[in-house]
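Worksheet for the structure shown next.
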Amino acid sequence: MSDTRSPRSTQWVAFLVFSTITLGSVLEVVNDPDYVPQSESAEKWAIACSAITFTITLIVVAMHLNAVSSLLIVGTKIEGGIAALLVVFWIATVSVVTDSRRGLSVDKYGAVESGNLYYFSWAGFVCSVLLMVNYLRHVYNVDVTSGLQSRAARLTTWSGLLSTSLVVMGSSANFYDVTCGGDYAYEDGKCSRAVFGIVLGALATLSSVGIVGMKIATTRAPFLVEAGVSSISLVLYGFGVAFITSQQGPGAPLGNLYYFTWLSFLVSFLLVTSCVEDYNNAAATTGNTSGENAGAEDNI
């Protein structure tokens, strides 16, 4: 199985590994005597998605191994359709598996209980997206990453902040729904911090949607708006990391809320540093232009 014949062979094999581990982990969790079922529909969906993606990926990898059958799959619309289908299936799988209300890979507080199921379901999702991007790049010469970067500076980074903030908002809302109602509501500040996470995620999502929309529509957004929003996001997520992921916060257990709060902070930091770099480059260019004009006037 050579990379010259199939530029995605390694990714297909990796996806097969992730699918196998995810399927085995789901079955292990469901068949555990200590497991308390929270949602039979979620269990069936997780098993079905994992089994279907495992079967499809196994067939695709087997076809890659043969020179004749590889011609029917590599670089064809069939491969593209399968890659797109896997992205959809894996979005659903991650949504169900990492939902604290379902109790499959995390407990009701969002803490990871089944590491293999949690981490390899996310790995499978990332791998499915990379497969789709790789297919578009090699077959249709559509370079998604470069296209976004050339479309407008920091568009990819703002899209990343949009995605991570959505997870922060959703995970905070899940924690609040599960633990902050009835007679068992927390009294140690976790609920108020969960509300802060919901508001923080919502504000960051809305601001990111606005900037991404401007960049897509006009290929640019006002620099001062970007710099201001990214700076505010960095400060707010700094407080978010302190309040949400601390020992007394709802994101203290390792899970979606913990990881994506930190990811949002890091993405905000990258946005601020990129804005500062652009400002310094613009200032240096302006200074050089002024110096050249002054020299020309002296020569005259």
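The values are calculated or read from the model by the stated rules, or taken from the named source; none is laboratory data. Predicted model, so just to flag it, every value in this text is computed and none were measured. Here the Cβ is made from the backbone with ideal geometry for all residues, glycine too, and neighbour counts use every protein chain on show. Ligands, DNA and RNA are excluded from the accessible area calculation, which covers all protein heavy atoms including side chains. Shrake-Rupley method; radii C 1.70, N 1.55, O 1.52, S 1.80 Å.
Here are the numbers for this structure:
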read-out	value
The range 204-216 residues that are at pLDDT 90 or above, paired with ones that are aromatic (Phe, Trp, Tyr) (beta carbon under 6 Å, 6 or more apart)	208/158; 211/158
Residue match in the range 25-38 (condition: under 16 Å from residue 122 (Cα atoms), assigned to a helix (DSSP H, G or I) and modelled with pLDDT of 90 or more)	yes
Looking only at the range 184-203, and only at residues there that are among the hydrophobic types (A, V, I, L, M, F, W, C), surrounded by 16 or more Cβ atoms within 10 Å (Cβ to Cβ) and within 16 Å of residue 108 (Cβ to Cβ), the one that is modelled with the lowest pLDDT	191
Selected residue [open to solvent by 40 Å² or more (accessible area, probe 1.4 Å) and within 26 Å of the chain's Cα centre (by Cα)] from 17, 87, 60	17
Count - residues of the range 122-140 that are among the hydroxyl-bearing types (Ser, Thr, Tyr) and either in contact with a helix residue (DSSP H, G or I) (Cβ under 6 Å, 6 or more places away or on another chain) or in contact (Cβ under 8 Å) with a residue 24 or more places away in the chain (or both)	2
Residues located in the range 93-121, provided they are outside any loop (DSSP other than H, G, I, E, B) and in contact with a helix residue (DSSP H, G or I) (Cβ under 6 Å, 6 or more places away or on another chain)	93, 94, 96, 97, 112, 116, 117, 120, 121
